[in-house]
Amino acid sequence: MDIILKGGEIVAPQGSKRADVEIKDGKIARIGEDLSSPEARIIDVQGKLLFPGFIDTHTHFKLDAGDFFTADDFYTGTKAAIAGGTTMVLDFATQNKGETLSEALEIWYKKAENQASCDYSFHMSISEWTPEILEELKTMTEEGITSYKLYMAYDNLKVRDNEILEILKAVKEQGGIIGVHCENGDLINELIREEKEKGNLSPKAHPVSRPDEIEAEAVNRLLTIARLAESPVNIVHLSSALGYKVIERARLEGQKVYVETCPQYLLLDDSKYLLEDFESAKYVLSPPLRKEKDIATLWQAMREGKIETIGTDHCSFNFKGQKERGLMDFSKIPNGMPGVEHRPVLLYTFGVKEGILSKEQLCALLSTNAAKLFGMYPQKGAIAEGSDGDIVVWDPEYNGRITKEEQLQNVDYTPYEGMETFGRAEYVFLRGIPVVEQGKLLIENQGKFIPRGRTQEL
């Protein structure tokens, strides 16, 4: 069915304007005044904001944690995503040691197949680097996988510094971009050992074992390597002012550095680790929550346009039965928390509504920058003629409250429990399909894999 959205305000990073939008055959066909068509369904969206579908740059659905999986798989996770206005997610296809990249990608294809309610693609996480893996990068490019993830922590995932150098050079030749988890894994292992030796086994020891210096050192080391490789790099889930300071210095020296942060590092602080009765385990993630000064630094950086994307690092583990595995040893608490459903409303409420961000900046942070950086603009990330009909009709007047009972995320808590919010995704269109109406998910399993091209500089 053709659709005409009448009277809304189209939001784009470069500015906003009032216009009608016609969606036809899954694409945006026309933008203009007083559009009409006898075949179209007309929807009055006066007083509403029209955003290009939001893109979550960082999710972990059906993540294998050893002998169990995350609470959200692609079915539940993408339902939650699109209900909140996120029409595309970038998950992580992770190469286990001994696997080829193609084998890892096939595993993730199967995880998502016939399960997704929003569109999706994958960053490829490389954990083992060999001449054969180098040759596979061409195959990944042909498959539409043009972004990668490297870890500087976790013994089963981290790569050595010399390998980071080689991978940066190789991916640059393919026109791709690499995101890096920046923490010094060796130092974390030592600090965990020290805390356990002292008998500090509660979640309070988690942030002690991963201080901001751990992140800043890894950021500095990565940027040194990236400078040698003459390659841009994307730093994921930045959490600290100390880490940001290193990035600012590198940028002043001419380096191209992209930064992602997450809602939890903007809204929650390390006082959560002082909760009683093991409740603090809900907030165990890596990097950990930081202090108010770190939060202030990240908000200011966003306001100045120096943070490019907001992902969630959605990695949901149930408190009961999963987080509780670390009841007697904080190092056994599975790291991660949920957020894919609530990212847009949190950033609108505490960013736009508070006057810290403009709606145009929100569009860039939640959609357009991700589409450009990860090789799918203007197919995604824009309300423009010829772009996919991914549109979020945002009601700026809606008042709500986040509760675990009302969320679609398949997890037994939300870190944002009880927060009052403003605005909501009233309608969501995925390639022209009206999947959300009046804030309710109506149609499931309409998502598909989106192959991507070369990264575009921001």
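FYI, it's all coordinate maths here, none of it is from the lab. What you see is a predicted model, and the numbers here were worked out from it, not measured in a lab. Because the Cβ atoms are built from the backbone with ideal geometry, glycine has one as well, and the counts that use them run over all protein chains shown.
Overall form of segment 53-373: rounded. Here a/c, set by the Cα gyration tensor axes a ≥ b ≥ c, is under 1.5. Histogrammed with a bin width of 5 Å, the alpha carbon distances of segment 233-319 distribute as 3, 14, 25, 23, 16, 10, 6, 3, 1, 0 percent, first bin at zero. Considering only C-alpha atoms, what is the centroid distance from segment 63-100 to segment 397-432, in Å? Cα centroid to Cα centroid, the span is 19 Å. Indicate the gyration tensor shape class of segment 59-178 (rounded, prolate or oblate), computed on the Cα atoms with a ≥ b ≥ c the square roots of the eigenvalues: a/c under 1.5 is rounded; otherwise a/b larger than b/c is prolate and the rest oblate. Verdict is prolate for segment 59-178. Taking 0.36 nm per residue of separation and subtracting the Cα-Cα distance, full extension of the segment from Lys110 to Glu166 would add 17.2 nm.
For segment 165-210, report the % of Cα-Cα distances exceeding 18 Å.
Values: 511 of 1035 pairs.
That tail contains 49 percent of the Cα-Cα pairs.
For Lys323, the aspartates and glutamates whose Cα falls under 16 Å of its own Cα, not counting residues fewer than eight places away in the same chain, are Asp64, Asp67, Asp72, Glu276, Asp277, Glu279, Asp412. Taking the square roots of five times each eigenvalue of the Cα gyration tensor of segment 305-458, the equivalent ellipsoid has semi-axes of 28, 20, 17 Å, listed largest first. Cα centroids of segment 205-268 and segment 1-29: 37 Å apart.
Exactly which GluC sites (Glu not before Pro) in segment 150-242 are in a DSSP loop and have at most 12 other Cβ atoms within 10 Å?
Numbers: sites: Glu163, Glu166, Glu173, Glu183, Glu190, Glu194, Glu195, Glu197, Glu213, Glu215, Glu217, Glu230; in loops: Glu183, Glu230.
Listed in order of number, the matching sites are Glu230.
Based on DSSP, what percent of beta bridges with both residues in segment 53-373 are antiparallel, to the nearest 5?
On the way: 1 of 29 bridges.
Counting DSSP beta bridges with both partners in segment 53-373, the antiparallel share is about 5 percent.
Of the trypsin sites (Lys or Arg not before Pro) found in segment 193-263, those in coil by DSSP whose Cβ has at most 16 other Cβ atoms within 10 Å are Lys198, Lys204, Lys256.
Checking the table Lys24/Lys380; Lys110/Lys172; Lys17/Lys359; Lys245/Lys293 against a 18 Å threshold on Cα-Cα, which pairs fail? All intermediate terms of the calculation are to be shown ahead of the outcome.
Values: Lys24/Lys380 16 Å; Lys110/Lys172 28 Å; Lys17/Lys359 12 Å; Lys245/Lys293 13 Å.
Cα-Cα > 18 Å for Lys110/Lys172; rest within.
Straightening the chain between Met328 and Lys97 buys 80.2 nm, computed as 0.36 nm per residue apart minus the Cα-Cα spacing.
Think of it as helices only: each DSSP H run of n ≥ 4 in the chain is worth -39500 (n - 2.57), and spread over all residues that comes to -8000 deg cm²/dmol at 222 nm. Under 22 Å of direct C-alpha separation, and excluding same-chain neighbours fewer than eight residues apart, Lys169 reaches these lysines: Lys97, Lys138, Lys149, Lys158, Lys256, Lys372. Remark: spin-label model distance Gln46-Lys404 equals 4.4 nm, labels positioned 7 Å along the Cα→Cβ axis. When you filter the trypsin sites (Lys or Arg not before Pro) in segment 52-102 for DSSP loop state and at most 14 other Cβ atoms inside 10 Å of their Cβ, you are left with Lys97.
Could you pull out every residue, at least 5 positions away or on a different chain, whose amide H is within less than 5 Å of the one on Ile145? Hs are placed 1.01 Å off N in the peptide plane, and Pro or chain starts have none. HN-HN under 5 Å from Ile145: Arg452.
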